[in-house]
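Reviewing the structure listed below.
The values are calculated or read from the model by the stated rules, or taken from the named source; none is laboratory data. Quick caveat: nothing in here was measured; it's all calculated off a predicted structure. When we count neighbours, we look across all protein chains shown, and the Cβ atoms used for this are built from the backbone with ideal geometry, even at glycine. These area figures cover heavy atoms from the full protein model, side chains too; ligands, DNA and RNA do not enter into them. Shrake-Rupley method; radii C 1.70, N 1.55, O 1.52, S 1.80 Å.
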Amino acid sequence: MIKSGKAMAVYVIASSMTSTIPGISLAGAAPMATLFTPALDVEYLFYGKCVTLDLIPTTPTGIPTPAIITKAALHLMKIPFVVVDAGSYVEPKIPHIRLSSRCVGRRIDKEDALPSGTSRNLFEEAKNVGRILGSIANIVLIGESMPGGTTTALAILQGLGYEAYNIVSSASKVNPIELKKTIVEKALKRLKDVKDPFTVNDVVGDSLHISIAGIALGALQAGSIAILAGGTQMLAALSLMKAINPLFPQDKVVIATTRWIFADKGKEITGFLNEVLPNVSLIYVDINFADAPFEGLRAYEEGYVKEGVGAGGTASMAVIKGFGVDDLKKAIFDEYKRLVEVRNNG
């Protein structure tokens, strides 16, 4: 079905002030720079360059955004994509869908993530977007860009009653899990015994994961397959989906990620799915950058970045649709080379 079906990709962007906590996110050259990353990622996908700032998002050590992988895969497949702004700190300078209730998430260690009622509104708006996309295409791939997302995803999972401290991954080589745990435990103290998923997300979550849940459930309602293009964060979206609609068709949902995420947390993700959502499939794309001609890409093999901007899912779809891994790697290397040349030529 995925190989022959009509596919469309959607990339959801949002910001959480949680990403500005020092040490929590590598998705930017400095903590405050993480607030620009979502807009820059999707501007790059759309134009092949960033408009808001004249740079490509990198880690503090210069490792490039995984959007490079996404862009190369999209170029091979020639499938359409749209961007949904659920609460980006910086509005991207591209045509995009802007959810009416879009909201930048607050620091969850200090205050509630979103104003009361925001999550329910975002969900309904996103669900309508998903229904529309699902009526256009029978495969809807959903990726994301939100620095700090593994921390808020962890808070959502814990808030919904799952033991998740060993599940979530990180863009860092060494996962700052103790820092994440401290932040999440502060947030959970405000939650008390609340089980309503919208309230849980308002208090400890963000605007991203609830919007992904809405788009996915809307696409499923329209009869489409939903591919959640990401890693451990997509478990938070799935958990919200289950809490809101326990009867959603799990067999029409796929988590698609990278080999780096699978190597890091594959056992934990598989265990979670087997226990909580046994009919949801998990796949990963077997890309290895050990032979990459660029140091920034070889760093992925050392445990940095791993996933983001739908990289694993978009690349997985390209392989399913018939493009070889070598073709995909060549497209990624060519794109990286183009970026280096652009930067060197000023």
Filtered residue count, the stretch 193-226, keeping only those that are open to solvent by 10 Å² or more (accessible area, probe 1.4 Å), of a type in the set (A, V, I, L, M, F, W, C) and over 27 Å from Met317 (Cα atoms):
3
Some residue of the stretch 62-75 being more than 20 Å from the chain's Cα centre (by Cα) and touching a residue at least 24 places away in the same chain (Cβ under 8 Å):
yes
Out of Thr65, Thr70, report the one residue that is β-branched (Val, Ile, Thr), modelled with pLDDT under 95 and on the phi < 0 side of the Ramachandran plot.
Thr65
Condition check: in contact (Cβ under 8 Å) with a residue 24 or more places away in the chain, open to solvent by 10 Å² or more (accessible area, probe 1.4 Å), aliphatic (A, V, I, L, M) and not in a loop (DSSP other than H, G, I, E, B). Does Val129 satisfy that?
yes
Scan the stretch 47-61 and give yes if some residue there is open to solvent by less than 10 Å² (accessible area, probe 1.4 Å) and at pLDDT 95 or above, otherwise no.
no
Matching residues in the stretch 86-100 - criterion: being surrounded by 22 or more Cβ atoms within 10 Å (Cβ to Cβ) and either among the acidic types (Asp, Glu) or within 20 Å of Asn128 (Cα to Cα) (or both)
Ala86, Gly87, Ser88, Leu99
Examine the stretch 235-256 for a residue that is on the phi > 0 side of the Ramachandran plot, open to solvent by 10 Å² or more (accessible area, probe 1.4 Å) and touching a residue at least 24 places away in the same chain (Cβ under 8 Å), and state whether such a residue exists.
no
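Applying the selection to the stretch 235-266, what residues are within 16 Å of the chain's Cα centre (by Cα) and assigned to a helix (DSSP H, G or I)?
Those that are within 16 Å of the chain's Cα centre (by Cα) and assigned to a helix (DSSP H, G or I): Leu235, Ala236, Ala237, Leu238, Ser239, Leu240, Met241, Arg259, Trp260, Ile261, Phe262, Lys265.
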Pairs, please: C-beta under 7 Å, at least 6 apart or cross-chain, first residue within 10 Å of Asp286 (Cβ to Cβ) and at pLDDT 90 or above and in the stretch 257-268, second open to solvent by 20 Å² or more (accessible area, probe 1.4 Å) and among the acidic types (Asp, Glu)?
Thr258/Glu307; Arg259/Asp286
Which members of the stretch 270-302 meet the condition of being assigned to a loop (DSSP other than H, G, I, E, B), over 27 Å from Ala164 (Cβ atoms) and open to solvent by less than 10 Å² (accessible area, probe 1.4 Å)?
Phe289, Ala292
